[in-house]
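Working notes for the structure below.
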Amino acid sequence: MKEDNANIAIVKQLYNAFMKKEINTILGLLSQDVEWGEPENPFNPAGGTRTGHAGFLEWINIGKEAEDILVLEPKQFLTNDNFVAVSGYMKCLAKPTGKVYESDFVHLVKIKDNKIQKFQEFFDTYIAGEAFRVN
């Protein structure tokens, strides 16, 4: 039970660092071989899985150019062994089109040796893709 709470604390640190845009803090929470992924979408430039700190930084840089995260609200944290599942709500601005999209999300985070080893995001890719799609 104590390890579960520690894992949730690590994940909460991740969200806090994201909202403050503290990239070095985030990197400190990630393992060197982290897998960072979100669903593929032909209209969302950040889709796909990237590995390692370099891959995460690539994802961040794509994200900075493509969208602004307006709201990121983790609501529930569930844990089991070395995984934390987070459900929540996000609201983002697709910069190329100026369209805003909103979606509930689920993030699955694997923790190993007090570092985030894998982060996988699930959200409404259709609505996000429509926000990025130029008509």
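Some values worked out for this structure:
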item: Residues R50, R133 arranged by fewest to most Cβ contacts within 10 Å; result: R133, R50
item: In order through the stretch 108-122: 3J(HN,Hα) via Karplus (6.51 cos²θ - 1.76 cosθ + 1.60), integer Hz, x for Gly, Pro; result: 9, 10, 9, 10, 9, 6, 6, 10, 7, 9, 8, 10, 10, 9, 10
item: Additional length obtainable on full extension of the chain from I62 to N135, 0.36 nm per residue less Cα span; result: 24.2 nm
item: Degrees, to the nearest 10: 52-66 long Cα axis against longest axis of the chain; result: 30
item: Antiparallel bridges, percent of DSSP beta bridges restricted to the chain (to nearest 5); result: 90
item: Exposure proxy ranking, count of Cβ atoms within 10 Å, fewest first, for K75, K112, K118; result: K75, K112, K118
item: Sequence-separation-based contact order of the stretch 50-135, relative, with Cα cut under 8 Å and 6+ spacing, percent; result: 21
item: Long pairs among K20/K112; K12/K118; K64/K115, criterion Cα-Cα beyond 21 Å; result: K20/K112; K64/K115
item: Hits among aspartates and glutamates - C-alpha to C-alpha of K110 under 14 Å, sequence gap 8 or more where chains match; result: E3, D4, D33, E35, D81, E121
item: Extension gain, K21 back to K115 (0.36 nm per residue minus Cα-Cα distance, nm); result: 32.0 nm
item: Equivalent-ellipsoid semi-axes of the chain, from the Cα gyration tensor, Å, largest first; result: 25, 16, 13
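Every number here is computed from the coordinates shown, using simple stated rules; none is lab data. What you are looking at is a predicted structure, and each value in this text was computed from that prediction instead of being measured. As a convention, Cβ positions derive from the backbone with ideal geometry for all residues, glycine included, and neighbour counts pool all protein chains shown.
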